[in-house]
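The values are calculated or read from the model by the stated rules, or taken from the named source; none is laboratory data. Computed from a predicted structure; not experimentally measured. These area figures cover heavy atoms from the full protein model, side chains too; ligands, DNA and RNA do not enter into them. Shrake-Rupley method; radii C 1.70, N 1.55, O 1.52, S 1.80 Å.
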Amino acid sequence: MNYTGRFPAARPRRLRQDDWVRRLTRENVVSTDDLIWAMIIHDGIEPSVPVTAMPGVARLSVRAAAEAARRAAQLGIPAIAVFPHVDSAKKDPTGKEALNPQGLVCSAVRAMKDAAPNVGIMVDVALDPFTDHGHDGLLQNGRILNDETVEVLAEQALVQVKAGADIVAPSDMMDGRVGAIRAALDGAGHHDTLIMSYAAKYASAFYGPYREAIGSGKLGSGAVANPGDKRTYQMDSGNTDEALREVAMDVAEGADMLLVKPGLAYLDIVARVKASFGLPTYAFQVSGEYAMIKAAAQNGWIDEDRAVLETMMAFKRAGADGVVTYFAPKVAEMLGA
Ligand code: PBG
């Protein structure tokens with residue numbers, strides 16, 4: 001129970017009067033250890049290609065990604081999550097490039113682990129960077145097939161783990177994929193590979209800039225015209241109890257860590273998931289959240305540094321153990337300064 005005194009004996013402002021006492025009484029802290037650096041990679045040779053809708057973020061070549069991994073190690077960032085922009089010539093309806101052990105993701109994972117063995121590398125498990133229609137799963141007559149997709153995802157995860165990935169993060173929202181991935185990994189002796197489940201992932205407008213970043217946005221050659229519409233597999237933003245059911249199923253199937261996505265608009269979900277399950281729980285500050293802060297800051301409307309740190313604090317206050325964010329190197333620099 002909180003003690004509350006009465007004015008004038010109690011004056012809450014006493015605890016705010018100086019920096020030292022504010023620091024001394026702060027309930028939550030943001031640390032570099034809380035960061036997972038969201039990083040876009042591409043299969044071209046240009047070291048870095050700017051993403052227009054995400055000022056300050058660029059698609060990195062495999063070689064530049066390895067350099068960035070070294071930088072993460074220097075900054076003390078524990079882990080990097082990679083997201084691939086694949087040459088459109090390699091995309092097809094089934095996303096089979098996702099299974100290529102010599103493909104972009106596996107090459108980058110190898111190069112990054114080589115360059116910085118002590119930085120954890122997390123990979124996305126989903127087909128959208130590899131399908132020509134931009135959906136996360138296999139498409140048939142305008143519907144996303146669940147069980148057939150899960151089989152491919154388990155294979156994709158295994159290929160990525162063989163390349164050296166430390167954490168696989170299924171972001172596809174198919175039913176049963178965590179269990180299938182766990183079984184595939186265990187069957188091949190990868191008992192220690194972590195699974196961070198995008199357990200509660202919502203169909204969101206905040207993924208907008210990501211579609212440009214990975215080049216999945218203006219596609220949609222399949223029977224579903226709009227690849228932005230993932231509402232038959234991602235969650236409805238009106239739901240909370242459903243998030244807990246999703247999490248419960250993923251935990252039962254073997255998820256080690258949980259991710260809530262997007263971040264800022266879903267802090268209630270972060271809080272409820274953390275309170276209900278007590279597992280390591282992360283928030284994903286997605287591309288649209290990044291873009292909003294950047295756009296306002298570029299117009300001089302908000303102070304970028306303060307706004308970024310404030311969002312980090314919001315995630316911590318809600319109960320997150322860490323944050324997947326494109327701001328990770330910036331935050332690490334600010335905290336280290
Ligand atoms: C898809 C995936 C998405 C993101 C990560 N993995 C987009 C989507 O679900 O449509 C979004 C990341 C971001 O917006 O920063 N598997």
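Write down the accessible area per residue of the chain in Å², having rolled a 1.4 Å probe over the full set of protein chains. Per-residue accessible area for the chain comes out at 46 Å². Between segment 1-51 and segment 244-288, the alpha-carbon centres lie 20 Å apart. Note on the chain: GNM, Cα springs under 10 Å; of D186, D132, D172, the largest mean-square fluctuation is that of D186. In the chain, the portion of solvent-accessible area held by carbon and sulfur atoms comes to 51 percent [1.4 Å probe, whole percent, DNA, RNA and ligands not counted]. For the options Q17, Q160, Q102, a Gaussian network treatment of the chain with springs between C-alpha atoms closer than 10 Å singles out Q17 as fluctuating the most. Each 10 Å bin, from zero up to the one with the longest distance, holds this percent of the alpha carbon pairs of segment 182-337: 10, 33, 34, 20, 3, 0. For segment 255-266, putting each phi into the Karplus relation 6.51 cos²θ - 1.76 cosθ + 1.60 with θ = phi - 60° gives couplings of 5, 8, 9, 10, 10, 10, 8, x, x, 4, 7, 10 Hz, in residue order, rounded to whole numbers and with x for Gly and Pro.
In order along segment 53-65, phi translates into HN-Hα couplings of 7, 10, x, x, 10, 9, 6, 9, 6, 4, 5, 5, 5 Hz, rounded to whole numbers, per the Karplus curve 6.51 cos²θ - 1.76 cosθ + 1.60 with θ = phi - 60° and x for Gly and Pro. Largest to smallest in accessible area, the residues I45, I40 fall in the order I45, I40 (1.4 Å probe, all protein chains included). Around the amide H of Y202, modelled in the peptide plane, lie the amide H atoms of M235, K261, all under 5 Å away and 5 or more residues distant in sequence or on another chain.
Given the pairs K274/K316; K201/K230; K113/K274; K96/K162; K230/K261, which span a C-alpha to C-alpha distance of over 20 angstrom in this model? Violating the 20 Å Cα-Cα cut-off are K113/K274.
Quick one: ranking W301, W37, W20 by accessible area, 1.4 Å probe, largest first, what do you get? Could the numbers behind the result be given before it?
Numbers: W301 185, W37 20, W20 150 Å².
The most accessible residue leads, giving W301, W20, W37.
I need the fraction of alpha carbon pairs in the chain separated by more than 35 Å, rounded to a whole percent. The calculated P(r) of the chain puts 20 percent of pairs beyond 35 Å.
Within the straight-line cut-off of under 19 Å between alpha carbons, the aspartates and glutamates reachable from K294 are E212, D303, E304, D305, E310, E333, sequence neighbours fewer than 8 places apart in one chain being disregarded. To the nearest 10, the accessible area of K294 is 30 Å² with a 1.4 Å probe.
GNM on the chain, alpha-carbon springs under 10 angstrom: the most fluctuating residue among A265, A252, A314 is A252. Only Cα pairs under 8 Å and 6+ residues apart enter the sum, and on that basis the relative contact order of segment 36-188 stands at 22 percent.
Could you work out the relative contact order of the chain? I mean the mean sequence separation of Cα pairs under 8 Å and 6+ apart, divided by the number of residues, in percent.
Working: 662 pairs, mean separation 62.3, N = 337.
For the chain, the relative contact order is 18 percent.
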